[in-house]
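Q: This is the structure, below, for whatever I ask next.
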Amino acid sequence: MVAQVIDGKAFAAKVRAQVADKVAKLKEEHGITPGLAVVLVGEDPASQVYVRSKGKQTVEVGMNSYEHKLDAETSEQDLLALIDKLNNDPAVHGILVQLPLPKHLNEDLVINAINPAKDVDGFHISNVGLLATGQKAMVPCTPLGCLMMLRDQHGSLSGMDAVVIGRSNIVGKPMAQLLLGDSCTVTIAHSRTRNLPDVVRRADIVVAAVGRPEMVPGDWIKEGATVIDVGINRIERDGKTRLVGDVDYASAAERAGAITPVPGGVGPMTIACLLANTLTACCRANGLPEPE
Ligand code: NDP
């Protein structure tokens, strides 16, 4: 079997176009422009790239982008004061604090200072609780993008065996909650899981979110399974720097029914979902029907 390639780049472009369309209608019919504030503390190069890309795509869909770049020594008090200001600014519908924060800042404290209604990353403890109890939440962008691709692929996921490898708060755990919400039978695997190959071999759906280059070989994949590779790993190969996922793409593609490539799979969907979440937050803030 040769797997169908799930084109995250094309899917993300479609999602962004839908968001842009709805933003245009919001402006025309209600005079409202959604606004996303992104806060970057310090000079982490990868974070700078993400923040630039988020800002650019925010503007491209017709939203207002507010970038706040603070130096690496910013105090917790100053950062919390900025968040308070953004919480109270009616032009700002979404607030994202780029992680990781410099070591002297308490990430939990900072994230939980964001108004949950503006927490477009879905990391605030209220949103985590809402998602876990099946209530209307802001859903973390990366797992949301994965779920959208899975639904697009299968329609209903009900009754499918899903294995999520990784239990982080930003990917693994919310991914598992979303799959459970769609009535999958969910296993969460991690570094202490015994017999990982056999656990993965049971799965109709494999979501790999580990951060280890090409860790999942093709012979762990059940014939016809759908493989979603969240990993983004930079490696040196043949004298060149390359991006690879957590799944060995070449061997997995020989057994899977469908697979996301790296790059061009999950990655582009993450920012598209951030924009979709910002639009949702804006509609909720203005008492308007939510986009579908
Ligand atoms: P974390 O480092 O927070 O979590 C990694 C998880 O993998 C942990 O739960 C860890 O287990 C588990 N793990 C580590 N080694 C093994 C192993 N040998 N076998 C099984 N499980 C293992 O990473 P994130 O969740 O933040 O990110 C995961 C990957 O996804 C990274 O490559 C990251 O770059 C990428 N990513 C991509 C995004 C995108 O937009 N496409 C967005 C966010 C992340 P334990 O808990 O036991 O330590």
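The values are calculated or read from the model by the stated rules, or taken from the named source; none is laboratory data. Please read all numbers here as calculations on a predicted model, not as lab measurements. With ideal geometry, Cβ positions are generated from the backbone for all residues, glycine too; neighbour counts draw on all protein chains shown. With ligands, DNA and RNA removed, areas are computed over all heavy atoms of the protein, side chains included. Shrake-Rupley method; radii C 1.70, N 1.55, O 1.52, S 1.80 Å.
Q: How do the pairs read when you match residues in segment 181-208 that are within 11 Å of the ligand (Cβ to nearest atom) and open to solvent by less than 20 Å² (accessible area, probe 1.4 Å) with residues anywhere that are of a type in the set (Asp, Glu) and assigned to a strand (DSSP E or B), using Cβ under 9 Å and keeping only pairs 6 or more apart or on different chains?
A: 207/229; 208/229
Q: Let me ask something additional. Among residues belonging to segment 67-84 that are of a type in the set (A, V, I, L, M, F, W, C) and open to solvent by 40 Å² or more (accessible area, probe 1.4 Å), point out the one that is nearest to residue 100 (Cα to Cα). Write out each step before concluding.
A: The initial filter retains those residues of segment 67-84 that are of a type in the set (A, V, I, L, M, F, W, C), namely 70, 72, 79-83.
If we keep only those that are open to solvent by 40 Å² or more (accessible area, probe 1.4 Å) too, we end up with 70, 80-81.
Values: 70: 14, 80: 16, 81: 19 Å.
That would be 70.
Q: Ok, one more. If you check residue 45 against the conditions, is it touching a Cys at 6+ places or on another chain (Cβ under 6 Å) and of a type outside the set (Val, Ile, Thr)? It would help to see each step written out before you state the result.
A: Working: touching a Cys at 6+ places or on another chain (Cβ under 6 Å): no; of a type outside the set (Val, Ile, Thr): yes.
Taking the combined requirement at face value, the residue does not satisfy it.
Q: Quick one: how many residues across segment 209-234 are more than 22 Å from the chain's Cα centre (by Cα) and either near the ligand (Cβ under 10 Å from one of its atoms) or over 23 Å from residue 155 (Cβ atoms) (or both)?
A: The qualifying residues number 4.
Q: How about segment 86-145: which of its residues are open to solvent by 30 Å² or more (accessible area, probe 1.4 Å), of a type in the set (A, V, I, L, M, F, W, C) and assigned to a loop (DSSP other than H, G, I, E, B)?
A: 91, 99, 113, 123
Q: Just need a number here: residues in segment 263-290 that are among the small types (Gly, Ala, Ser) and in a loop (DSSP other than H, G, I, E, B).
A: 3
Q: Looking at segment 155-168, which of its residues are polar (S, T, N, Q) and within 12 Å of residue 210 (Cα to Cα)?
A: Selection gives 168 alone.
Q: In segment 244-262, what residues are more than 10 Å from the ligand (Cβ to nearest atom) and not in a loop (DSSP other than H, G, I, E, B)?
A: Across segment 244-262, the qualifying residues are 247, 249, 250, 251, 252, 253, 258, 259.
Q: Now, a different point. Any idea which of 3, 12, 24 is open to solvent by 40 Å² or more (accessible area, probe 1.4 Å) and of a type in the set (A, V, I, L, M, F, W, C)?
A: Testing whether each residue is open to solvent by 40 Å² or more (accessible area, probe 1.4 Å) and of a type in the set (A, V, I, L, M, F, W, C) leaves just 24.
Q: For the subset of segment 277-291 comprising residues that are open to solvent by 30 Å² or more (accessible area, probe 1.4 Å) and among the small types (Gly, Ala, Ser), which member is nearest to residue 116 (Cα to Cα)?
A: Applying the filter and picking the extreme gives 285.
Q: Restricting segment 149-175 to residues that are over 11 Å from the mean Cα position of the chain (by Cα) and part of a helix (DSSP H, G or I), which is surrounded by the most Cβ atoms within 10 Å (Cβ to Cβ)?
A: 150
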